[in-house]
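S.K.: Right, I'll just put the structure down here and ask away after.
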Amino acid sequence: MGRLKILLVDDHAVVRSELRRLLEMNNSMDVVAEADSGEIAYQLYGEMNPDIVIMDISMPGMGGIESAKRILQRYSHAKIIIFSMHEAVSFASQALKTGVKGFVTKNGMAEDLLHAVLDVSKGKTFLSAGIAQKIALQTLIGDDDPMHQLSTREFEVFRLLAEGRRVEEVADMLKISQKTVANYYTIIKQKLGVSSPVEMVRLAMKHGLIIDN
């Protein structure tokens, strides 16, 4: 077995440097490329064909979930781990819906990420303990999270609009037309039962989708 080739995707150079140091302390892992955006990650995946992608969710431009979705649409064998400060179940659920194989929180144990890389490389799925517990609890008591009604694309549009992005910004980031974003906005409001941008922001905050970086 050769060393696992890893692509790191995070818009903070300091975070990537720390992750590289952590991963390469393990003799079975080798960081072969780094990207600071989802767009570059998509391009590098095709060039480097890494065994594992470790990707943040919140980045300028295309977010981690959208980037993961596009990579998996083209390279169905891709093994992607989301490594994020977001601990909301909605993020993990949407990521898993795209085909992502791991979701690790940044404030968890460092060993979690190493375990995730090894497990995902063997075809398993890995979730941080806190996230796994939240998903299990939600399943047990019944699913009352309205975010689960949204498709992956609708979720990304919702998140970006709730963060205060303008329609034209969202269209540019997701490479879709402004009319399409407006159509998604209408569908999202209907599905979530909200009628104004303020209600949308409140709902996003309630479900932990907006946090301070």
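S.K.: I'd like the full set of residues that are more than 17 Å from the chain's Cα centre (by Cα), surrounded by 13 or more Cβ atoms within 10 Å (Cβ to Cβ) and in contact (Cβ under 8 Å) with a residue 40 or more places away in the chain, limited to region 161-213.
M.R.: Listed by number, the residues that qualify are K191, L192, M200, L203.
S.K.: Here are some residues: K106, K179, K124, K189. Which one is on the phi < 0 side of the Ramachandran plot, of a type in the set (K, R) and touching a Phe, Trp or Tyr at 6+ places or on another chain (Cβ under 7 Å)?
M.R.: K106
S.K.: Please go through region 19-66 and give me each residue that is modelled with pLDDT under 90, open to solvent by 30 Å² or more (accessible area, probe 1.4 Å) and farther than 21 Å from F126 by Cβ, ordered by number.
M.R.: Hit for region 19-66 is P60, nothing else.
S.K.: Can you work out which of the residues in region 102-125 that are polar (S, T, N, Q) and not in a helix (DSSP H, G or I) is surrounded by the most Cβ atoms within 10 Å (Cβ to Cβ)?
M.R.: It comes out as T105.
S.K.: Take T105 and tell me if it is farther than 17 Å from V9 by Cα and β-branched (V, I, T).
M.R.: So T105 does not fit the description; no.
S.K.: Report yes if some residue within region 27-44 is over 19 Å from H12 (Cα atoms), in contact (Cβ under 8 Å) with a residue 12 or more places away in the chain and within 17 Å of the chain's Cα centre (by Cα); otherwise report no.
M.R.: no
For (1) of a type in the set (A, V, I, L, M, F, W, C); (2) farther than 16 Å from E156 by Cβ; (3) assigned to a helix (DSSP H, G or I), each residue gets a yes or a no:
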site	(1), (2), (3)
G2	no, yes, no
R16	no, yes, yes
A33	yes, yes, no
I40	yes, yes, yes
E47	no, yes, yes
M59	yes, no, no
R70	no, no, yes
Q73	no, no, yes
S76	no, yes, no
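S.K.: Name every residue in region 7-43 that is out of contact with any strand residue (DSSP E or B) (no Cβ under 7 Å at 6 or more places or on another chain), of a type outside the set (D, E) and under 17 Å from E111 (Cα atoms), in order of residue number.
M.R.: Selection gives V15, S17, R21, L22, M25, N26, N27.
S.K.: What's the total number of residues in region 60-78 that are of a type in the set (S, T, Y) and within 18 Å of D10 (Cα to Cα)?
M.R.: Of the residues in that region, 1 qualify.
The values are calculated or read from the model by the stated rules, or taken from the named source; none is laboratory data. Just so it is clear, the structure is predicted and the values come from calculations on it, not from any experiment. Reconstructed Cβ throughout: ideal geometry from the backbone, glycine too, with neighbour counts over all protein chains shown. Calculation scope for accessible area: heavy atoms of the full protein, side chains included, ligands and nucleic acids excluded. Shrake-Rupley method; radii C 1.70, N 1.55, O 1.52, S 1.80 Å.
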